[in-house]
Amino acid sequence: MAALDQKSPNVLLQNLCCKITGKSEADVAHQFQYAVRVIGSNYAPTIERDEFLVSEKIKKELLKQRREADAALFSELHRKLQTQGVLKHRWSILYLLLSLCEDPRKPSNRVPVCSYGALLAQALPRDVHSTPFYYARPQSLPLSYPERSATAHNSSIATSGISSMGVFSINGPGPTPPSLLTGPGPQAVGESMRGSRLAWTLPISSSPSGATAAPRPTCGPSSSPASKLPQRQRRDGDGSVTGAWEFYAVPLCKSLRDTSSRLAELGWLHNKIRKYTDSHSLDRAFGLVGQSFCAALHQELKEYYRLLSVLHAQLQVEDDQGVNMSVDSSLTLRRLLVWTYDPKVRLKTLAALVDYCQGRKGGELASAVHAYGKTGDPHMRALIQHILGLVSHPILNFLYRWIYDGELEDTYHEFFVASDPTVKTDRLWHDKYSLRKSMIPSFITMDQARKVLLIGKSINFLHQVCHDRTPPGKIMPASKSTDSPKDATELFTDLEGAFQSKIDAAYFETSKYLLDVLNKNYQLLEHLQAMRRYLLLGQGDFIRHLMDLLKPELVRAATTLYQHNLTGILETAVRATNAQFDSPEILKRLDVRLLEVSPGDTGWDVFSLDYHVEGPIATVFTRECMSHYLRVFNFLWRAKRMEYILTDIWKGQMCNAKLLKSMPELSGVLHQCHVLASEMVHFIHQMQYYITFEVLECSWDELWNKVQQAQDLDHIIAAHDVFLDSIISRCLLDVNNRSLLNQLRAVFDQIIEFQNAQDTLYRSALEELQLRIQFEDKKRQREEMGEWGVTAEQEAEENRRVQEFKDTIPKMCSQLRLLTHFYQGIVQEFLRLLMTDESLQFLSFRLDFNEHYKARDPRLRPSLGATRGRRSSNI
Amino acid sequence: MASPANANMNAVRETMDVLLEISRLLNTGLDMESLSICVRLCEQGINPEALSSVIKELRRASDSLKASENGTSQG
């Protein structure tokens, strides 16, 4: 042989073909093409080039053949080869020689049986794109996965471990184990020992009686010198089946194929789970729950790996023992099937779980896992429970921290309580914390979730708004957190009882404490009562006195009013009445507020009381609440003023009646005045009664009861809101009753008109009276002095004046009549509108209790009649 | 000039001898010529796995051919 000349590989290949087949060049065309195809498609080796390993293998092979001397010889030769340094690809050569190695003890068949094993052994790749030999994928080499060597190795190992179980038909019982070769175990990466390349030739025995014969005679190598290998199904990394395995000439029986595909399923399931955990464990945004899920899956996979390594060790044992192994303890496909049944079920569950949990995180993930636990199979349930325990451990941790410390550290938004950092402390209670409904795990009910939210909110409220820094240990004497996942699992065994009781206990304690703080330190209830007394005109004497004092002030135009004057008057009123006995806390919050001035307003229109709230109390008395209160105050104040005016009118009437008795011509007018006044009085009276007793008192009573019994701040806030809503709607202040309110305002305006009219009437009447009395007096005086009482012209003048006066009376009469008419019209309209509103039945009933208006207005009759009919039937 | 070449040649020959010895030990059935072709192919970077499978296939093919020929000739 000459030097290694550079002939092209094709030529060389052709030469080789000729040589081996012993034919001329022309005849080997077919084989040559085949050879080219094979070599072209399998361009790079699928295994690592480790010379040492190959040489070890060769030695082992020789030892198996009981040729120790030869093994030693080989070592010598190998060393020589290494020193010579001529060859560049020693490994290739050695590998080639190894794979062409034949066992001389073999019967004369030329089946290079050992090459089966060797081939299969070496053929198993290290990476995921396993085994197959004739299905090359140049990119599927370890070279392209340098960084994933460890993980890829793992997965590949597992895959190849199981799925690359070569099925061989073996020639009979005896020899053959030489073909058992294990792959490059030593070069495993750490834990990759599991199932690292197993090449098995398994005696296929369908019965324990041993592998007496291959199930099909044609499978035996004795028949055909086949160097074909059945290939295994291979799966590549994404779990899809690629590459059907071509079963080579050795027709493999269908049962073998079935069995092996069943075993291959394990590999596929494993890959799926592995992919999930790999992709998510590196993803930090997946959150703690997701991480614990991946950890749980990983744990399960480790168990699986342990099984694989046990199987591998078993094989190793068989391997080492060589030929004399008894068939009974050998690892057959059937045995494998049985042993891997349980793991397969487990893996199936996990794979299904993984599918179901795709794309979920946080509380959703826990819900998904929990949903899977609802199964009748006890093993599956146990498995899911275990995983659920691990998965929900972070959630429970969050929960306990939230309800015992009020702290929320949830960077990945997994917990079902969300906090809005943009909200400031004054809106803390209402806006800052909310429930993230999607993240509520399915084993926590909505009610519990709300309670949890409330507890944490209360704690935060205490800390930030009430500035109460008592450590939570004081609030909840028995608080503890779950430190281990075991607690979480235990919790699930008794979810209803223990968990609920924990939450309830925390809820009661915290809410009670919060209410205590609010009541003691911030006197919530006192303030509530103070609102009632001052803004809702509860403190009658004070209000009356205030009105008395304010009357001269408020009659002036609004622009001339000064706040400090009014405040001074307020102070006086406070000091003079029972209000002085209130606590100074309350009194200092009471204040006068002047509303916006429109042109033509008198003081009455712009005056209002005010009550300042701040701090924790502002949570209950929010700004909207305060504005509601002011509106109600306005309304009540006006009504009160009407009452006041009418009282004045009545007073005037009573006082002047006697005086004006001497003027009989006024009696008609006066009578009219009286009648109108009493109508008005009745109306206003009933309104006041309705407002005070049926609206205010009843609602207040309800509110007070609820507040006394309230278990937490939310209840108080809700009750308070209900109270305000009912007052507003029944005081005709809400949007629906705007027309009614306008009517009422019109009534009030009429009353004021009347007051003015009456005032002028009285003034002129009294003036007239005064003049007459003066006249009489003068007359008497003169008579006493002996003169004529009155001269003729004086008398005439007097008469003229009296006549003039009498002439004005009809005008007054007509004016009054007009007023009356107007007034009554407005009242009718008001009553009619009232009829249409169901909720104000009481008011309408009261106002028209003797059907006086009904008689006058036919429009009122039918509807009134209808209700009256019903009412009377009730009575 | 010739001596390094000669030395080279010697080394090569020795290597081939060693390889032949190994091949004989392992009973590969390769004769010198085939072996040298294989060595050359491997040195050029051919995948030994593929190569060995080719060789096996060729052997099998030739064996089966021979067997059928024998059979026919006998019959």
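No lab work stands behind these numbers, since they all come straight from the coordinates. Fair warning: this is a prediction, and the values are worked out from it, not measured in the lab. Cβ placement follows ideal geometry from the backbone for every residue including glycine, while neighbour counts extend to all protein chains displayed.
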Note to self: List the residues, sorted by chain then number, that are 5 or more residues from A:Glu851 or on another chain and whose placed amide H is less than 5 Å from its amide H.
What the structure shows: none
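Ranked highest first by average number of other Cβ atoms within 10 Å, how do A:538-547, A:350-359 line up?
The most tightly packed comes first, giving A:538-547, A:350-359.
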Note to self: Around A:Cys673, under 12 Å between beta carbons, what's the net of Lys plus Arg minus Asp minus Glu among the other residues?
What the structure shows: -1
Margin query: Using helices alone, I'd like the mean residue ellipticity at 222 nm for chain B: each DSSP H run of four-plus residues gives -39500 (n - 2.57), total over residue count, nearest 500.
Written below: -29000 deg cm²/dmol
Notebook entry, point to check: Counting only residues 5 or more places away or on other chains, whose amide H sits under 5 Å from the amide H of A:Ala418 once H atoms are built in the peptide plane?
Noted result: A:Ser434, A:Leu435, A:Arg436
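Need one value for B:59-67: mean number of C-beta atoms belonging to other chains within 10 Å of its residues' C-beta atoms. Display every interim value, and only then the final one.
Values: counts 8, 9, 9, 8, 8, 3, 4, 2, 2.
For this peptide, the per-residue mean of nearby foreign Cβ atoms is 6.
Ranked from highest to lowest mean number of other Cβ atoms within 10 Å per residue, what is the order of the peptides A:685-697, A:393-405? Intermediate results must be reported in sequence, preceding the final value.
On the way: A:685-697: 17.1, A:393-405: 22.5.
Going from most to least packed, we get A:393-405, A:685-697.
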Check: Going by a ≥ b ≥ c, the root eigenvalues of the Cα gyration tensor, does region B:2-70 fall in the rounded group (a/c under 1.5), the prolate group (a/b larger than b/c) or the oblate group?
Finding: prolate
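Could you tell me which of the pairs A:Lys60/A:Lys272; A:Lys437/A:Lys502; A:Lys19/A:Lys88 are separated by over 28 angstrom between their Cα atoms in the structure shown?
Cα-Cα > 28 Å for A:Lys60/A:Lys272; rest within.
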Notebook entry, point to check: Among the aspartates and glutamates, which have Cα under 19 Å from the Cα of A:Lys348 when same-chain residues fewer than 8 positions away are ignored?
Noted result: A:Asp236, A:Asp238, A:Asp258, A:Glu265, A:Asp278, A:Glu300, A:Glu303, A:Asp377
Notebook entry, point to check: How large is ³J(HN,Hα), in whole Hz, for each residue of region A:380-386 in order, when computed from phi with the Karplus curve 6.51 cos²θ - 1.76 cosθ + 1.60 and θ = phi - 60°, using x for Gly and Pro?
Noted result: 4, 4, 4, 4, 5, 4, 4
Checklist line | Most to least packed among A:708-719, A:56-67 [average Cβ atoms within 10 Å] | finding: A:56-67, A:708-719
Margin query: At 7 Å along Cα-to-Cβ for each site, give me the label-to-label distance between A:Lys588 and A:Ala69 in nm.
Written below: 11.6 nm
Check: Which lysines does A:Lys640 reach when only Cα atoms under 26 Å apart count, and residues fewer than 8 places away in its own chain are ignored?
Finding: A:Lys551, A:Lys588, A:Lys651
Margin query: Show me, for region A:429-439, the HN-Hα J-couplings you get by feeding each phi into the Karplus relation (A = 6.51, B = -1.76, C = 1.60, θ = phi - 60°), rounded to Hz, glycine and proline as x.
Written below: 5, 7, 10, 6, 10, 9, 9, 9, 5, 5, 9
Next item on the list: Convert each backbone phi in region A:510-519 into a coupling constant with the Karplus relation 6.51 cos²θ - 1.76 cosθ + 1.60 (shift: θ = phi - 60°), then list the ³J(HN,Hα) values in order as whole Hz, x for Gly and Pro.
Entry: 5, 5, 4, 4, 4, 5, 4, 4, 4, 6
Next item on the list: Just report the Cα centroid separation between region A:642-695 and region A:732-754, whole Å.
Entry: 20 Å
Checklist line | Set of lysines with alpha-carbon distance to A:Lys658 below 22 Å, sequence-local pairs under 8 removed | finding: A:Lys806
Next item on the list: Count the net charge of all other residues whose Cβ sits under 11 Å from the Cβ of A:Asn756, scoring Lys and Arg as +1 and Asp and Glu as -1.
Entry: -2
Note to self: Give me, ordered by chain and number, the residues 5 or more places off A:Leu609 or on other chains with an amide H under 5 Å from its own placed amide H.
What the structure shows: A:Arg593
Notebook entry, point to check: For peptide A:8-20, how many partner chain Cβ atoms fall within 10 Å of a residue's Cβ, on average?
Noted result: 5
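When you look at the Cβ of every residue in A:30-38, what mean number of other chain Cβ atoms sits within 10 Å? Spell out each step's value before the answer.
Working: counts 1, 5, 2, 0, 4, 7, 1, 2, 7.
Neighbouring Cβ atoms belonging to other protein chains average 3 per residue here.
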